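Trainee: Questions regarding the structure given below will be posed in turn.
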Amino acid sequence: MSKQRATAVSWPNKPMPDTRKELLLDGQYSREEFVTISQGLVPQSPADKWFIYLDGEWLYFHRSASGSCIFQLQIVPDEAGYAASVLLVNQHPSQYRSLSDEYDVALVSYLIDAVLLGRFAPFPQPEQFSQDDHAKHQQHVMGKGAFDGGLSLRVVNGKG
């Protein structure tokens, strides 16, 4: 069963509000990575917190429950593959509360690496949060099916 490519009409969504911030980035993806990224992500259950799709040069990141557009990442072809150079961040207080520019970039990077590309990536944790708050924050951002970045291999005490 082949995965359907996510498009703007694959899930209910709202446009990015006019209240937004633009961050300039220096990101790079290979052609193969771009092909995978361009497939996007359509939520399969209420536990899936993100709807992601590519439209033209922009990769859109929407919260699945509200449909709010939280991030838009511009990805354009260049000589080395694809460059990710501009990130728009929703600044509407009722839709998204940014913790910092660095955290927003880390979260988008995590969503691409762990969710779209299926790579090991630790979930970005805000420095100002306690350990208990880290878990609550990750649950809120990623839902029950969160990719925790944990290792699948563990050392067993005793002799092997």
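Trainee: Counting only residues 5 or more places away or on other chains, whose amide H sits under 5 Å from the amide H of L25 once H atoms are built in the peptide plane?
Mentor: V86, L87
Trainee: At a Förster radius of 25 Å, what calculated FRET efficiency corresponds to the Cβ-Cβ distance of R97 and Q44, to the nearest 0.05?
Mentor: Working: r = 27 Å, r/R0 = 1.06.
Using R0 = 25 Å, I get an efficiency of 0.40.
Trainee: So which aspartates and glutamates can K21 reach, going by Cα to Cα under 15 Å and dropping same-chain residues fewer than 8 places off?
Mentor: The reachable aspartates and glutamates, counting only those whose Cα sits under 15 Å from K21, are D101, E102, D104.
Trainee: Amide H of S68: which non-local residues (sequence gap of 5 or more, or other chain) have their own amide H closer than 5 Å, using H built in the peptide plane?
Mentor: Here the answer is K14, R63, since their amide H atoms fall under 5 Å of that of S68.
Trainee: Treating cross-link reach as a plain straight distance, find the aspartates and glutamates whose alpha-carbon is under 17 Å from the alpha-carbon of K14, omitting any fewer than eight places away in the same chain.
Mentor: The qualifying aspartates and glutamates are D55.
Trainee: Something else now. Taking the Kirkwood radius as the inverse of the mean 1/r across Cα pairs, report the Rg/Rh of the range 20-142. Working shown, then result.
Mentor: Numbers: Rg = 14.2 Å, Rh = 15.0 Å.
That ratio is 0.95, to two decimals.
Trainee: I've got another one for you. Which distance in Å, rounded to a whole number, links the C-alpha centroids of the range 22-54 and the range 91-146?
Mentor: 14 Å
Trainee: Within a 10 angstrom radius of the beta carbon, how do E79, E127 rank from fewest other beta carbons to most?
Mentor: Values: E79 5, E127 8.
Final ranking by Cβ density, sparse to dense: E79, E127.
Trainee: Report the label-to-label distance for F120 and E32 in nanometres (one decimal), using points 7 Å from each Cα along the Cα→Cβ vector.
Mentor: 1.8 nm
Trainee: While we're on this one: Give me the distance in nm between label points sitting 7 Å out from Cα along the Cα-to-Cβ direction at S130 and T19, one decimal.
Mentor: Once both label points are built, they end up 3.0 nm from each other.
Trainee: Moving on. Once phi is turned into θ = phi - 60°, what whole-Hz ³J(HN,Hα) does the Karplus curve with 6.51, -1.76 and 1.60 give for every residue of the range 94-106, x standing for Gly and Pro?
Mentor: Here the 3J(HN,Hα) series is 8, 10, 7, 10, 5, 7, 5, 4, 4, 5, 4, 5, 5 Hz.
Trainee: Where does each of 51-57, 136-142 land if you order them by average Cβ count within 10 Å, highest first?
Mentor: Details: 51-57: 17.9, 136-142: 15.1.
The peptides rank, most packed first, as 51-57, 136-142.
Trainee: For the range 28-43, in order, what is each residue's ³J(HN,Hα) by Karplus, 6.51 cos²θ - 1.76 cosθ + 1.60 with θ = phi - 60°, in whole Hz (x at glycine and Pro)?
Mentor: Result, rounded to whole Hz: 9, 10, 6, 4, 5, 4, 4, 4, 5, 4, 5, 5, x, 8, 10, x.
Trainee: Related question: Could you pull out every residue, at least 5 positions away or on a different chain, whose amide H is within less than 5 Å of the one on R20? Hs are placed 1.01 Å off N in the peptide plane, and Pro or chain starts have none.
Mentor: The answer is Q91.
Trainee: Now, a different point. Counting each DSSP H run of 4 or more residues in the chain as -39500 (n - 2.57), what helix-only mean residue ellipticity at 222 nm follows after dividing by all residues, to the nearest 500 deg cm²/dmol?
Mentor: Values: 3 runs with 29 residues, N = 160.
Helices in the chain give a 222 nm mean residue ellipticity of -5500 deg cm²/dmol.
Read-outs throughout are calculated quantities, based only on the coordinates presented, and are distinct from any laboratory measurement. Computed from a prediction, not measured in an experiment: that's the story for all the values here. All Cβ positions, glycine included, derive from the backbone under ideal geometry; neighbour counts span all protein chains shown.
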